[in-house]
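Only one structure is covered here, and it is reproduced in the block below.
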Amino acid sequence: MRKRIKGIGILGVSAVCSAAMAMVSFGATGWAMEGDEWCYYEKDGSKAEDVFKKSGENWFYLGSDGRMVRSSIVEVDDNYYYVNSVGAMVSNEWREVENEDGDSDEPDTWWYYLQANGKGVKKSDSSDRVKTVTLPTAAGNARFIFDEEGHMLSGWISEDGEMLTDEDAWQEGVYYCDPENGGRLVTNGWKYLEAVDDENDDREGDGYWFYFQANGKKVTDEDSKRINGRKYRFNEYGAAEFEWYADPGEVGSPSNLYYNSEDQCWLSVGWFKTYPDEDIDPEGYDEGETYWYYADSKGELTVSEIKTIKGQKYGFDEYGKMLHGLFKITFEEDGRTIAEAVEIESEDDLPEADEDVFVYYFGDSPKEGAMKTGTTTLEIDGERYSYKFRTASSKKGAGVNGIDDGVIYIQGRRMEAEDGTKYQPFEYEGKEYLISTTGKIMKKKTNIKDADDVYYCTDRDGVITYSGDEKYEK
């Protein structure tokens, strides 16, 4: 039989005065008061030592010196009991006891739970599995983990029920008993926990989010875990992934997924706005701006296409960034996949009529990034230009390129005579047309004069048949 006694360092324990008063002396046998301490004499006259003896409805423990032990944890036959300030064994109670022989990684005190028979809850010495048990608390029942010595454990706990305290505990730990919540085992819920991770120094916080299942185990190695209607990804250590993730998918065809910011971590679907990933889109990342993206219900980005979303069309580049502004776009052979999208930011970027591109404008009405159709006025390099975009056909939204409704358009841009000239010749497809400052082709005109007093005559298509300082005479 093994016997061990631990003294308590936490005061305020309710005394069982009635139990102490119930003790009586039976002369040579039974209980006897010696000085200020109670002892128990066996029938042979010897003092009882290292054993429990009963008085009334309570059990009391006699130590190795034969005196009654008080306010201590007592170990008997690999079981742990607690005797209170009057020496009575307690039951159905929590008790906090000073950790007198622990190392620096252990808590200053240990909590025990003494069952109805007085035995402390503990893990079996022969078991290599964690010991979890549901116990009452002031706030209701909760689950806890105990070790072989009856200690309630807190913090990260390994698969076999060992308390982990080093910097890698978050990686090796399977369960978490929250010290900020009375050591309760975290189940069916999220917990943000500190995690030293030298391999990820880009984090804004000092930890990660973890999700603990109904059995208390953290989720690990999950590519698509649905929790409360949202999807999450967890790495091998159980840390919820956040921000960009490059899913290799098919060789040469990566699918980039976005798992929101550090404080959210769920897979983004639909519209979301963020910075490009440094590894996936380094050029976009270097610009230091946020962009809109659109992902389907699986989180896969819309890339390299013009897509209809809730009745509006939007353009996306090869990395999924929503196009915003005036763009020259070339398509793959299928006519749908965007091969390249180059923003028109200056007059030097304006395309020629025969350039193998389509011009689209993704503006701010009725939604930011919505593709424009019909006519609009755009500013490029401080100059204002009139544009017209197709309202139908397979290339709906592309700039009109050619003569349309008596006007010449070059990749959507309306050709106009310079302000103050009234009229100006404009060469298009090998023919010279006369156009006005509003872009109108001047058809079937005779001796129409510009601001420099030059006379023009045009045919039925607006092609110039005569120009000179004198009127044309038949």
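The values are calculated or read from the model by the stated rules, or taken from the named source; none is laboratory data. Keep in mind it's a predicted model, so treat the numbers as computed, not measured. Note: ideal-geometry Cβ built from the backbone for every residue, glycine included; neighbour counts use all protein chains shown. Ligands, DNA and RNA are excluded from the accessible area calculation, which covers all protein heavy atoms including side chains. Shrake-Rupley method; radii C 1.70, N 1.55, O 1.52, S 1.80 Å.
Taking the stated definitions as given, is Arg95 under 21 Å from Asn215 (Cβ atoms) and out of contact with any Ser or Thr (no Cβ under 8 Å at 6 or more places or on another chain)?
For Arg95, the condition - under 21 Å from Asn215 (Cβ atoms) and out of contact with any Ser or Thr (no Cβ under 8 Å at 6 or more places or on another chain) - is not met.
For Asp381, all conditions in the list (1) open to solvent by 80 Å² or more (accessible area, probe 1.4 Å); (2) on the phi < 0 side of the Ramachandran plot hold save one; what is the number of the exception?
(2)
I'd like to know if the range 272-283 contains one or more residues that are within 30 Å of Asp178 (Cα to Cα) and either surrounded by fewer than 16 Cβ atoms within 10 Å (Cβ to Cβ) or not small (Gly, Ala, Ser) (or both).
No.
Applying the selection to the range 442-458, what residues are polar (S, T, N, Q) and touching a Lys or Arg at 6+ places or on another chain (Cβ under 6 Å)?
Asn447, Thr458 - these are the residues of the range 442-458 that are polar (S, T, N, Q) and touching a Lys or Arg at 6+ places or on another chain (Cβ under 6 Å).
Quick check: anything in the range 416-438 part of a loop (DSSP other than H, G, I, E, B), modelled with pLDDT of 95 or more and within 53 Å of the chain's Cα centre (by Cα)?
Yes, the range 416-438 contains at least one residue that is part of a loop (DSSP other than H, G, I, E, B), modelled with pLDDT of 95 or more and within 53 Å of the chain's Cα centre (by Cα).
Limited to the range 152-175, what total is found for residues that are in a helix (DSSP H, G or I) and surrounded by fewer than 21 Cβ atoms within 10 Å (Cβ to Cβ)?
Total meeting the criteria: 3.
For Lys372, are the conditions met, namely being at pLDDT 95 or above and closer than 30 Å to Tyr314 by Cβ? Spell out how you get there, then give the answer.
Working: at pLDDT 95 or above: yes; closer than 30 Å to Tyr314 by Cβ: yes.
So Lys372 passes the test.
Since Lys191 meets every condition but one in (1) surrounded by fewer than 16 Cβ atoms within 10 Å (Cβ to Cβ); (2) part of a strand (DSSP E or B), which condition does it not meet?
(1)
When you scan the range 167-182, do you find a residue that is without any contact (Cβ under 8 Å) to a residue 24 or more places away in the chain, within 21 Å of Ser104 (Cβ to Cβ) and touching a strand residue (DSSP E or B) at 6+ places or on another chain (Cβ under 9 Å), even just one?
yes
Return only the number of the condition from (1) open to solvent by less than 70 Å² (accessible area, probe 1.4 Å); (2) at pLDDT below 95; (3) within 29 Å of Leu153 (Cβ to Cβ) that Asp50 does not satisfy.
That leaves (2) as the condition not met.
Please go through the range 439-448 and give me each residue that is over 60 Å from the mean Cα position of the chain (by Cα) and surrounded by 14 or more Cβ atoms within 10 Å (Cβ to Cβ), ordered by number. Walk me through how you get there before you give the answer.
Here is the first cut: in the range 439-448, the ones over 60 Å from the mean Cα position of the chain (by Cα) are 442-448.
Scanning the range 439-448 gives Met442, Lys443, Lys445, Ile448.
Within the range 335-352, is there a residue that is surrounded by 17 or more Cβ atoms within 10 Å (Cβ to Cβ), in contact with a Pro (Cβ under 8 Å, 6 or more places away or on another chain) and either part of a strand (DSSP E or B) or modelled with pLDDT under 95 (or both)?
no
May I ask you to verify whether Tyr360 is over 28 Å from Ser436 (Cα atoms), among the aromatic types (Phe, Trp, Tyr) and either open to solvent by less than 70 Å² (accessible area, probe 1.4 Å) or modelled with pLDDT of 95 or more (or both)?
The answer is no for Tyr360.
Going by the structure shown, is Val219 under 27 Å from Gly315 (Cα atoms), under 15 Å from the mean Cα position of the chain (by Cα) and surrounded by 13 or more Cβ atoms within 10 Å (Cβ to Cβ)? Talk me through it step by step, then tell me what you get.
Numbers: under 27 Å from Gly315 (Cα atoms): no; under 15 Å from the mean Cα position of the chain (by Cα): yes; surrounded by 13 or more Cβ atoms within 10 Å (Cβ to Cβ): yes.
Spelling it out, it is not the case that Val219 is under 27 Å from Gly315 (Cα atoms), under 15 Å from the mean Cα position of the chain (by Cα) and surrounded by 13 or more Cβ atoms within 10 Å (Cβ to Cβ).
Being modelled with pLDDT of 95 or more, in contact with a Gly (Cβ under 9 Å, 6 or more places away or on another chain) and in a loop (DSSP other than H, G, I, E, B) is the filter here, so list the residues in the range 101-136 that pass it.
Lys119, Val121, Lys122
When Gly9 is evaluated against the numbered criteria (1) farther than 23 Å from Asn117 by Cα; (2) under 50 Å from the mean Cα position of the chain (by Cα); (3) at pLDDT 95 or above, which criterion, by number, is the only one it fails?
(3)
Counting just the residues of the range 59-100 that are at pLDDT 95 or above and on the phi > 0 side of the Ramachandran plot, which one comes out most open to solvent (accessible area, probe 1.4 Å)?
Asn92
Looking at the range 296-305, can you tell me whether even one residue there is hydroxyl-bearing (Ser, Thr, Tyr) and farther than 22 Å from Asp364 by Cα?
Yes - at least one qualifying residue is present in the range 296-305.
Before we move on, is Gly397 in contact with a Ser or Thr (Cβ under 6 Å, 6 or more places away or on another chain), closer than 30 Å to Gln312 by Cα and open to solvent by less than 20 Å² (accessible area, probe 1.4 Å)?
Here the answer is yes, as Gly397 does meet what is asked.
Inside the range 284-330, can you point out the residues that are of a type in the set (Lys, Arg), open to solvent by less than 70 Å² (accessible area, probe 1.4 Å) and under 24 Å from the mean Cα position of the chain (by Cα)?
Lys321
For residues that are polar (S, T, N, Q) and modelled with pLDDT under 95, scanning just the range 261-310, find the one that is nearest to Asn228 (Cα to Cα).
Residue satisfying both the conditions and the ranking: Gln264.
Could you go through the range 388-401 and let me know if any residue there is under 44 Å from the mean Cα position of the chain (by Cα), over 18 Å from Phe331 (Cα atoms) and outside any loop (DSSP other than H, G, I, E, B).
Yes, there is a match, as at least one residue in the range 388-401 is under 44 Å from the mean Cα position of the chain (by Cα), over 18 Å from Phe331 (Cα atoms) and outside any loop (DSSP other than H, G, I, E, B).
Restricting the search to the range 107-150, which residues are crowded, with 21+ Cβ neighbours inside 10 Å, of a type outside the set (Gly, Ala, Ser) and touching a Leu at 6+ places or on another chain (Cβ under 8 Å)?
Those that are crowded, with 21+ Cβ neighbours inside 10 Å, of a type outside the set (Gly, Ala, Ser) and touching a Leu at 6+ places or on another chain (Cβ under 8 Å): Tyr113, Phe144, Ile145, Phe146.
How many of the residues in the range 419-438 are aromatic (Phe, Trp, Tyr), free of Cβ contacts under 8 Å to residues at least 24 places away in the same chain and open to solvent by less than 30 Å² (accessible area, probe 1.4 Å)?
0
Confirm whether Glu199 is open to solvent by 70 Å² or more (accessible area, probe 1.4 Å) and in contact (Cβ under 8 Å) with a residue 12 or more places away in the chain. Show your work before the answer.
Details: open to solvent by 70 Å² or more (accessible area, probe 1.4 Å): yes; in contact (Cβ under 8 Å) with a residue 12 or more places away in the chain: no.
It is false that Glu199 is open to solvent by 70 Å² or more (accessible area, probe 1.4 Å) and in contact (Cβ under 8 Å) with a residue 12 or more places away in the chain.
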